[in-house]
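The values are calculated or read from the model by the stated rules, or taken from the named source; none is laboratory data. Since the model is a prediction, treat every value here as computed from it, not as a measurement. When we count neighbours, we look across all protein chains shown, and the Cβ atoms used for this are built from the backbone with ideal geometry, even at glycine. The area values use the complete protein model at the heavy-atom level, side chains included, leaving out ligands, DNA and RNA. Shrake-Rupley method; radii C 1.70, N 1.55, O 1.52, S 1.80 Å.
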Amino acid sequence: MDLAINIADWLAIISITIAFIISLTHRNKKVLLPLQLYISISLLVNLFLEITEFLPNYDSSRRISSAVYNLYSLVEISILLYFIHSNLKRKEFRLILKVFLLFYFSICTLIWTSKYQALFFIVPHLFGIENFLISICCLFYFYEVMNSEFVVNFKTDAIFIVICGSLFYSSIMTPLQFSYFIWLNTAPELNQIIQIMNMTFYAIFFISLMKAYLCPSPNQKQLQSFPL
């Protein structure tokens, strides 16, 4: 099982690396510029986390890797929500995204600064909240697409593909992260299986980012954005 986990980890890193290379070769796609930053940071963080696995002081390296992973979640939700926000038209949806982001930052700050020093430990429920909020924001985009007068090519629209990938990963991981302590107590052997699923779905998400970068450049209507 450890071998399967290592394979899944490296599969994710390889996917992120390929996505990073593709994003550089297609950096002229300005609409995807926030994702290039996201991919770059994701690559650095995942390589760092992989390196910490080989450090001699396991307890210290685990605390460091947990802190990095927790802080990475703030970067992740910020960039993804910014990307979704930039492609929404309804003011109420865009306002809700800002509230969601403020809410997540607030709850993370509250939990991480508690006496339990949660910043240096993995709190699955926080990641469940993060992915739940991202899922809801993705649904806002799909609602607008379904009620839009413009025709969206689902196979070649880069924005649509990115948000599909985001919804795929976040919607699958949300229930798993919220139920972490339930299945950990009832079936602890599933822990490794969940890790493999997480990294595999994470790799699929970055494959969707590759696909988005390889799509034809959108027309002028699709390039319309609404910055924060």
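Miscellaneous remarks
- From the options Ser148, Ser170, residue that is at pLDDT 90 or above and on the phi < 0 side of the Ramachandran plot: Ser170
- Members of the stretch 132-150 that are of a type in the set (Phe, Trp, Tyr) and surrounded by 18 or more Cβ atoms within 10 Å (Cβ to Cβ): Phe132, Phe140, Tyr141
- Any hit, the stretch 15-33, residues being open to solvent by 20 Å² or more (accessible area, probe 1.4 Å) and within 17 Å of Ser78 (Cβ to Cβ): yes
- Check on Phe178, modelled with pLDDT under 95 and surrounded by fewer than 20 Cβ atoms within 10 Å (Cβ to Cβ): yes
- Of the listed requirements (1) touching a Ser or Thr at 6+ places or on another chain (Cβ under 6 Å); (2) modelled with pLDDT under 95, Phe132 misses just one: (2).
- Condition check for Asn153: modelled with pLDDT of 90 or more, among the polar types (S, T, N, Q) and surrounded by 11 or more Cβ atoms within 10 Å (Cβ to Cβ): no
- Residue in the stretch 156-164 that is more than 21 Å from the chain's Cα centre (by Cα) and open to solvent by less than 50 Å² (accessible area, probe 1.4 Å) present: no
- The residues of the stretch 181-207 that are buried (at least 18 other Cβ atoms within 10 Å of the Cβ) and touching a Ser or Thr at 6+ places or on another chain (Cβ under 9 Å), listed by number, are Tyr202, Ala203, Phe205, Phe206.
- Scanning the stretch 88-131 for residues that are open to solvent by 10 Å² or more (accessible area, probe 1.4 Å), more than 23 Å from Ile172 (Cα to Cα) and assigned to a loop (DSSP other than H, G, I, E, B) returns Lys89, Arg90, Thr113, Ser114, Lys115, Tyr116, Gln117.
- Condition check for Leu43: at pLDDT 90 or above and either more than 15 Å from the chain's Cα centre (by Cα) or open to solvent by 10 Å² or more (accessible area, probe 1.4 Å) (or both): yes
- Residues of the stretch 49-87 satisfying the condition of being in contact (Cβ under 8 Å) with a residue 60 or more places away in the chain, in a loop (DSSP other than H, G, I, E, B) and hydrophobic (A, V, I, L, M, F, W, C): none
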